[in-house]
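Submitted below is the structure of interest, expressed as structure tokens.
The values are calculated or read from the model by the stated rules, or taken from the named source; none is laboratory data. Since the model is a prediction, treat every value here as computed from it, not as a measurement. Because the Cβ atoms are built from the backbone with ideal geometry, glycine has one as well, and the counts that use them run over all protein chains shown.
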Amino acid sequence: MKRFAVIGKPVAHSKSPQMFNRFFRNKGIDAVYTRIASKNLKDALKTCRLLNIDGINATMPFKKELLETVDFASDEAKGVDGVNTVVFGNQLKGHNTDIYGALMPLKKRLKSLKDKKILIIGAGGAARAALYAYKKENAICYLSNRTYEKGREQAKKFGAYVVLFEKINSILREIDIICYTIPVKIDLDISQIKPSAIFFTAIYNQHFFKEECKKKGIIYIPGEEWLIEQGKVACSLFGFDCKNGFPDSILDKAKPKNRIALIGFMGSGKSTAGKLLAKKLDYQFIDLDKSIEKGEGKGIPEIFNNFGESYFRNLEYRYLSELKDKNRIVLATGGGIVESQYCFDMLKDYFFNIFLCGNPEDFFRRTENSSRPLRKGSNFFINLYRKRKDKYLMLSDLILNSSIYTPEEISDIIYYEFCKVL
Ligand SMILES: Nc1ncnc2c1ncn2[C@@H]1O[C@H](COP(=O)(O)OP(=O)(O)O)[C@@H](O)[C@H]1O
Ligand SMILES: O=C(O)C1=C[C@@H](OP(=O)(O)O)[C@@H](O)[C@H](O)C1
Ligand SMILES: [Mg+2]
């Protein structure tokens with residue numbers, strides 16, 4: 001199986017997993033794409049290594065630092081001053097596919113960008129990719145940014161004209177294409193834009209100015225197209241043939257955000273971090289093992305001893321089923337929940353699944369004085385970990401590394417991610 005992920009801070013909002021996993025499903029490719037949450041780039045890359053990740057996409061704020069970190073960077077990545085795609089191997093190879101996100105949606109609609117007057121709003125990574133792409137096509141670029149200095153610096157570097165943010169509305173009349181790259185809505189007077197203009201945005205989880213453009217008959221290109229076009233090129237760099245079968249829209253089958261399950265091997269800290277997280281979010285905390293013990297009036301070792309593992313797996317399914325309609329809960333699952341396809345499917349459909357990964361040696365040490373029936377010798381333990389590792393990966397919506405972070409840090413990071421996406 002091939003493994004891919006998006007990294008960033010925050011990262012839980014990213015729709016790359018939907019897009020890539022749909023492609024893999026369409027084409028019957030044995031691969032999975034997930035999200036890795038971290039405090040910084042170094043930790044994210046460590047986690048990639050731990051999980052044998054084959055390739056990543058990076059979102060803000062890691063793109064610039066990633067350029068300095070990779071062993072090899074394409075000319076485009078150097079030109080844009082940022083890497084958003086890395087192919088793992090003996091070396092880390094960095095690319096920038098945002099250029100194609102900025103370019104292809106326009107190329108589909110216009111014969112040429114030559115001498116088109118393009119106003120780029122913002123001066124971050126997406127704006128740099130747009131400047132690079134449009135200058136190469138000989139467009140006339142204008143750049144406007146809230147922080148003037150940063151805007152001026154970027155404009156100078158790419159040979160664009162800088163426009164004072166306060167004066168932005170006064171030049172709209174002359175502009176052929178607006179490329180909007182900032183994640184908040186600014187005071188833009190759409191009525192000033194000529195009707196033949198195009199409004200193109202890099203932001204895919206908001207639809208700023210869509211209605212205003214529609215009213216004026218201005219072509220509005222949603223951020224979804226940017227995401228798809230950059231994703232398609234990344235996917236080719238990952239080694240897949242993307243000519244057919246790449247999704248042309250990101251249908252949003254919303255994942256429940258108020259039903260969180262922590263998944264991962266024994267000792268990864270699901271019960272410990274789960275309790276802390278529930279408290280922070282003011283959700284109810286449920287430990288599936290504890291629910292079973294309480295409901296059955298027996299301890300887990302006793303259930304295993306008297307009835308065997310498969311009996312326990314059926315209990316897990318039964319107790320899990322009772323939770324699928326609950327809201328505002330954090331559930332700590334047992335490490336073996338992925339052994340049952342029924343439980344796997346139920347978690348996939350009804351929960352936002354957070355995988356606590358880490359080194360199995362750490363997990364073994366942490367569970368030393370416990371009565372877990374499947375914590376036999378260290379070889380058995382590590383083999384069981386290997387067998388399950390990819391199942392957690394396939395089920396995950398978000399991953400955190402519990403060998404790097406304490407339970408407190410884990411709950412903090414998840415809380416931060418949820419505050420950004422909820
Ligand atoms: N991130 C962590 N770093 C260090 N120790 C941890 C971490 N998470 C859990 N532990 C410790 O490991 C042991 C097992 O944790 P637990 O929450 O019961 O794991 P799980 O429910 O995943 O089996 C506990 O003693 C806990 O304090
Ligand atoms: O990995 C497993 O198969 C198990 C893990 C345990 O939970 P933790 O993951 O909380 O240790 C518990 O459900 C039972 O001992 C079986
Ligand atoms: Mg537990």
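Inside the range 117-156, can you point out the residues that are hydroxyl-bearing (Ser, Thr, Tyr), farther than 16 Å from Gly101 by Cα and touching a strand residue (DSSP E or B) at 6+ places or on another chain (Cβ under 7 Å)?
Passing the criteria: Tyr142, Ser144.
Of the conditions (1) at pLDDT below 95; (2) surrounded by fewer than 18 Cβ atoms within 10 Å (Cβ to Cβ), Leu164 clears all except one; give me its number.
(1)
Same structure again: With respect to Lys324, is the statement that it is modelled with pLDDT under 95 and more than 15 Å from ligand 1 (Cβ to nearest atom) true?
Details: modelled with pLDDT under 95: yes; more than 15 Å from ligand 1 (Cβ to nearest atom): yes.
So Lys324 fits the description; yes.
Next question, about the same structure. Which residue out of Ile218, Ile300, Ile250, Ile193 is in contact (Cβ under 8 Å) with a residue 12 or more places away in the chain, within 16 Å of ligand 2 (Cβ to nearest atom) and not small (Gly, Ala, Ser)?
Every option except Ile300 fails the conditions.
In the range 374-392, which residues are surrounded by 15 or more Cβ atoms within 10 Å (Cβ to Cβ) and either modelled with pLDDT under 95 or touching a Ser or Thr at 6+ places or on another chain (Cβ under 6 Å) (or both)?
Those that are surrounded by 15 or more Cβ atoms within 10 Å (Cβ to Cβ) and either modelled with pLDDT under 95 or touching a Ser or Thr at 6+ places or on another chain (Cβ under 6 Å) (or both): Leu374, Arg375.
The rows are residues; the columns are (1) part of a helix (DSSP H, G or I); (2) within 24 Å of His95 (Cα to Cα).
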position: Tyr132; (1), (2): yes, yes
position: Asn138; (1), (2): no, yes
position: Cys141; (1), (2): no, yes
position: Val162; (1), (2): no, no
position: Glu166; (1), (2): yes, no
position: Lys185; (1), (2): no, no
position: Pro195; (1), (2): no, no
position: Glu211; (1), (2): yes, no
position: Glu224; (1), (2): yes, yes
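If you go through the range 380-412 one residue at a time, how many are within 16 Å of ligand 3 (Cβ to nearest atom) and small (Gly, Ala, Ser)?
So the count comes out to 2.
Taking Ala278 as the residue in question, decide whether it is within 16 Å of ligand 2 (Cβ to nearest atom), among the small types (Gly, Ala, Ser) and at pLDDT 95 or above.
Against the criterion (within 16 Å of ligand 2 (Cβ to nearest atom), among the small types (Gly, Ala, Ser) and at pLDDT 95 or above), Ala278 qualifies.
So which of Leu374, Leu400 ends up being among the aliphatic types (A, V, I, L, M) and farther than 23 Å from Thr47 by Cα? Spell out the reasoning first.
Working: Leu400 fails: farther than 23 Å from Thr47 by Cα.
From the options Leu374, Leu400, the qualifying one is Leu374.
Do we have any residue at all in the range 121-130 that's assigned by TED's automatic domain parsing to the domain that holds Tyr161, of a type in the set (Lys, Arg), modelled with pLDDT of 95 or more and crowded, with 17+ Cβ neighbours inside 10 Å?
yes
Considering only the range 361-374, state which residues are out of contact with any Leu (no Cβ under 9 Å at 6 or more places or on another chain) and either over 22 Å from Glu302 (Cα atoms) or within 9 Å of ligand 2 (Cβ to nearest atom) (or both). Give the steps one after another, and end with the answer.
Going through the range 361-374, the residues out of contact with any Leu (no Cβ under 9 Å at 6 or more places or on another chain) turn out to be 361-373.
Answer for the range 361-374, where residues must be out of contact with any Leu (no Cβ under 9 Å at 6 or more places or on another chain) and either over 22 Å from Glu302 (Cα atoms) or within 9 Å of ligand 2 (Cβ to nearest atom) (or both): Glu361, Asp362, Phe363, Arg365, Thr367, Ser370, Ser371, Arg372, Pro373.
For the range 271-280, check the following and say yes or no: at least one residue is touching an Asp or Glu at 6+ places or on another chain (Cβ under 6 Å) and among the small types (Gly, Ala, Ser).
So far as the range 271-280 goes, yes, one or more of its residues are touching an Asp or Glu at 6+ places or on another chain (Cβ under 6 Å) and among the small types (Gly, Ala, Ser).
Give me a count of the residues in the range 267-306 that are over 18 Å from Tyr405 (Cβ atoms), hydrophobic (A, V, I, L, M, F, W, C) and within 13 Å of ligand 1 (Cβ to nearest atom).
4
Among the residues of the range 305-341, how many are of a type in the set (Ser, Thr, Tyr), more than 16 Å from ligand 3 (Cβ to nearest atom) and more than 22 Å from Ile399 (Cα to Cα)?
Residues of the range 305-341 of a type in the set (Ser, Thr, Tyr): 310-311, 317, 319, 321, 333, 340.
With more than 16 Å from ligand 3 (Cβ to nearest atom) added as a condition, the list becomes 310-311, 317, 321, 340.
Subset that is more than 22 Å from Ile399 (Cα to Cα): 310-311, 317, 321.
Looking only at that region, the number is 4.
Could you please find all residues in the range 352-388 being more than 16 Å from ligand 1 (Cβ to nearest atom) and touching a residue at least 40 places away in the same chain (Cβ under 8 Å)?
The one that is more than 16 Å from ligand 1 (Cβ to nearest atom) and touching a residue at least 40 places away in the same chain (Cβ under 8 Å): Phe352.
Just to be sure, is Glu409 over 20 Å from Gly274 (Cβ atoms), among the acidic types (Asp, Glu), surrounded by fewer than 18 Cβ atoms within 10 Å (Cβ to Cβ) and modelled with pLDDT of 95 or more? Can you show your working first?
Numbers: over 20 Å from Gly274 (Cβ atoms): no; among the acidic types (Asp, Glu): yes; surrounded by fewer than 18 Cβ atoms within 10 Å (Cβ to Cβ): yes; modelled with pLDDT of 95 or more: yes.
In short, no.
Report, ordered by the first and then the second residue, all pairs with beta carbons closer than 8 Å, sequence separation of six or more or different chains, a first member in the range 335-350 that is closer than 14 Å to Pro256 by Cα, and a second member that is part of a helix (DSSP H, G or I) and within 16 Å of ligand 1 (Cβ to nearest atom).
From residues that are closer than 14 Å to Pro256 by Cα, the pairs are Met346/Leu320; Leu347/Leu320; Leu347/Ile337; Leu347/Leu395; Lys348/Leu395.
Shifting gears a bit: Which pairs have Cβ atoms under 6 Å, sit 6 or more apart or on different chains, and link a residue in the range 265-281 that is assigned by TED's automatic domain parsing to the domain that holds Tyr416 and of a type in the set (Gly, Ala, Ser) to one that is within 10 Å of ligand 3 (Cβ to nearest atom) and outside any loop (DSSP other than H, G, I, E, B)?
Partner pairs satisfying both residue conditions: Ser271/Asp287; Ser271/Ala332; Gly274/Leu262; Gly274/Ala332.
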